[in-house]
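Below is one structure, written out as structure tokens; the observations come after it.
Values quoted throughout were computed directly from the atomic coordinates according to the rules given, and no laboratory measurement underlies them. A quick note: this is a predicted structure, and the numbers were derived from the prediction, not measured. Neighbour counts are summed over all protein chains in view; Cβ atoms, including those assigned to glycine, are modelled from backbone coordinates with ideal geometry.
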Amino acid sequence: MASGYGYSGGRSRCFTYWQEFSKCYAQTDNPRECRPQSEDYLECLHHPKEVARAKAVQDEFIRQAEASAREGQKSADILAGGVIVGLGLIQRNAGKD
């Protein structure tokens, strides 16, 4: 990844984060000062915070579905009607069903 070339031959998606981190690391006497740049680069590569957030959203959905099931609704109806589609970051066409 640090070579700067992606799979398609252009810049890789995380190369700018790598450049920021390597610039900071080269200019500092204390490497701990580059922790934010390092975390940004690793997040770009592996997405651990994004995965953790998606898991938290899914866990909350399951918890609410189980709570609704205790109130008398059928769990199959809850899960069929409330499938996690996304976080609302991508707008879908309202006309499609």
Under the rule rounded for a/c under 1.5, else prolate if a/b exceeds b/c, else oblate, using alpha carbon gyration tensor axes a ≥ b ≥ c, the range 1-52 is classed as oblate
With a cut-off of at most 12 other beta carbons within 10 Å, and DSSP calling the residue loop, which GluC sites (Glu not before Pro) in the range 1-73 qualify? Please list them. Glu71
Ordered by number, the chymotrypsin sites (Phe, Trp or Tyr not before Pro) in the range 1-64 that occupy a DSSP loop and have at most 10 other Cβ atoms within 10 Å are Tyr7
Rounded to whole Hz, the Karplus (6.51, -1.76, 1.60) HN-Hα couplings of the range 29-43, x for glycine and proline: 8, 10, x, 5, 5, 9, 4, x, 5, 5, 5, 4, 5, 5, 5
Under 14 Å, Cβ to Cβ, from Tyr5 - net charge with Lys/Arg +1 and Asp/Glu -1: +2
